[in-house]
Structures are given as structure tokens and as C-alpha cells.
1. Using θ = phi - 60° and the Karplus curve 6.51 cos²θ - 1.76 cosθ + 1.60, what whole-Hz ³J(HN,Hα) does each residue of region 51-68 get, with Gly and Pro shown as x?
2. Once fully extended, how much extra length lies between L54 and R294, figured as 0.36 nm per residue of separation less the alpha-carbon to alpha-carbon distance?
3. Under a 5 Å amide H to amide H cut-off, with H placed in plane at 1.01 Å, what residues pair with V80 once short-range neighbours are removed?
4. Residue separation times 0.36 nm, minus the C-alpha to C-alpha distance between L75 and R352: what's the value?
5. Calculate, for A378 and A232, the FRET efficiency according to 1/(1 + (r/R0)^6) with r their C-beta to C-beta distance and R0 22 Å; round to the nearest 0.05.
6. Between A180 and H245, what length in nm is gained on full extension when 0.36 nm per residue of separation is reduced by their alpha carbon distance?
7. For region 265-323, give the percent of accessible area contributed by carbon and sulfur heavy atoms, probe 1.4 Å, rounded to a whole number.
8. Ordered by packing density, taken as the mean number of other Cβ atoms within 10 Å over each peptide's residues, highest first, how do 54-64, 122-132 rank?
Amino acid sequence: MDAAWLVPAALGFGLAVGIGGTAAVVAAHARGQRAAAVVTPSVPDGVEDVIDALDSAGIVLDSSNNVLTFSAAALSLGLVWNHALMHPELVELVDRVRSEGTAEGAELELPRGPFGEATVHLLVRAAPLGSRFVLLLADDRTEAHRLEDVRRDFVANISHELKTPIGAVGLLAEALESAADEPDEVRRFAGRLTIEAARLRSLTNEIIELSRLQAADALENAGPVSVDSVVAQAIDASRVAADSHRIAIVAQSDPETIVWGDEAMLVTAVHNLIANAIQYSPDGTRVGLGITRRGGAIEIAVTDQGVGIPEAERERVFERFFRVDSARSRDTGGSGLGLSIVKHIVQNHGGRVRVWSQQGRGSTFTIRLPEADPAAVAAASESASSRPTRGARS
């Protein structure tokens, strides 16, 4: 071949090869996109926005049960991990909905995440979303189940606790009737009847108080409260019981400590701690109260020299109707609700209560409350001073 034709022929051949290669690459890319669309289908338009707006946990799955999108609630409930459903029960529900083509619901109790013993109660509903997807919605009913358990236990405990004094009152009434001609016996039975009636009245009042503390508006009339005043009032309310057992109450004062809350409730909380200290302390001992300011918080500590609390029971002392020493509580008329009331009052004030104890040496209960914001205290004082007093001239 003539050399003059060799170069054009080579250029033409190279151009043809380049065009063919490019066409092959484009075709391969198009096939890859079509395959990717089949393997990883996209969520229908608007579904992600709807899931984000729902209060329920929402999950969208494809035909292979891969999680395509999910809400933050689904993640926090531990339903999704690594773009897959965490629980076999949910997978089974989704598979049934996909095979039958109809929506289905269920109420499930599932572990909360892969670790720990906590569970969640979920009201779950799955439904087909088009021909290729399944929508899974879950409502968290854990709190409702917890409240129902608390209500059931509370009713059972109340029934048990009321049975004793009511039964005692009935027996004493029968004894009074049979001893009508014996004045000494009548006086003895009447004295016991008065004690049981007082115990029943105290238990009823504490149940009412505990119910009120669990209301949503428990701190409706909150304002600045002097902790020094709270402690002083609680001590005054405990003087008679302390003197009857020759127990000295020693308090440390701090007039600068202010919290935001309900003064009467806080007095009740501190009084209950003092009463508990007196109840479980030997005669002739001492109960101490201290006030401490630490890190934006105010701590009120009540320390006794009593019998102490066994380590296994320290976590339960704030439960309703729990008693460390049931026999002592019966003798002193304790209901087992005093420390539970303390816990609810403190929690309503944004604080916490803890206990330290050593058997044979005594216990210390400490209430920790947020210190009141000085600006809020000043504003409340200014508002109170500007309010017209009764009988003032206009």
C-alpha cells in the first residue's frame, strides 16, 4: 500500500474504534443505571416529608426488606439498625402484609436496642405503599403501660393497707358492744379505736396528697421560697414527736438560700424526712439538719442516729407502701407513703432525693433542689410589692 494512504487509513480506523468504544461505555452505563434503579429503588415523592411530620415512628421498606427511609423516632426506639429492621416480629409482620396485600396491625413488646433489659410497648401497623414498598408505623405505648401497671399496683396496695385498720375498727366496735357493762374495758377499746381511726385518717390524707402531687399542675402557685423558713417550719411541726422520744433536733441555718417552688409542699417533704428519722431512731438520740449551697443547687440533709437501712433495701425506700421495718411502722402508725411523697415533691421541683445509710450507725436523706434564679426572685419580689394591699386607698 502506498505510504500516502497509510496515515489516513490509520486515522479512520482509530476514529471508528473510538466511536465504538464510547458507544459501548454509554450503553453499559445506561444498563448500570437501570440495574441500580431495580436494586435500590427510590422512595415515592413526598413520603419522606410525611414520615418526618408524623409523631409515630415511620419506616419504608423495599421488596427485599431493606430500609429505604425512616424517622428519628424509629431510630430512638431501636427499630432500625444498619438499614434493616432489628426485630424478627416486625419482619414477619411486613412479610405478611407484602404477601397478602392488605394492611395489618399488632401490639408488640420488644427489646429497646440490642443491649440492656429495657423493653418498649408498641402499637404497630404495616400497609402496602404502591406495588413495591411497605410502610411501617409504630406508636410508643410504653408510658401508658407503665402507668397502668402503677395504677394496678397502687390499687392493690391501697386495698391491702386499708384492710388492716378497717378490720381493726370493726373488731373493736364489736368488742365495745360486748363490753358495754365494763367501763374499764370500754375505755381501753375506745382508746384503741381512736388510734386506728387516726391511722386510717392519716393514710387517707397521704393517699390524697400523693394523688395531688401527681397532677400536672402540682406547682401552680410556685414562687421564691426561703429554705431556712422551710426547715424551721418542718422542725416546729416535728417538735411534739421528737420531745416524746427525747430526741434533739439540731439545725444549721442559711438565710440566703432561695429555691423556686411551693413552700407548703417543701415543708411537707422536709417534715416527712424528720418524722422518718424520729420513727427509726432510738430514744435520747439526735437528728441533724444541714443546708448547703453547691454548684447552683441547694441541698437539705436530714441525718439520724437510727438503725440504718440494709443495702438491699435502699433503692426501694421511696416506693409506695414500702417499709424497712414493718413491725415498727405498725407500732408508730407509719403508712409507708411518707418517703414516696418526698420523692414526688422533690421531682415536681426539678430536684432529686438520695439516701446514704449504714446499719447500726444511721441514715442521711439529702434533697437537692435547683437554686432560684436571682433575676426571677427580684422580679417576683417587685411584682409582690407593687400589688395593692387590701383596704388601700386608690
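1. Values per residue, Gly and Pro as x: 4, 5, 7, 7, 6, 6, 6, x, 9, 10, 10, 8, 5, 9, 6, 7, 7, 8 Hz.
2. So the extension gain works out to 82.2 nm.
3. M86
4. 96.8 nm
5. 0.40
6. My answer for the length gained is 19.9 nm.
7. 43
8. By packing density, highest mean first, the sequence is 54-64, 122-132.
The values are calculated or read from the model by the stated rules, or taken from the named source; none is laboratory data. This one's a predicted model, so the numbers in the text were calculated from it and none came from an experiment. We place every Cβ from the backbone using ideal geometry, glycine too, and count neighbours over all the protein chains shown. The area values use the complete protein model at the heavy-atom level, side chains included, leaving out ligands, DNA and RNA. Shrake-Rupley method; radii C 1.70, N 1.55, O 1.52, S 1.80 Å.
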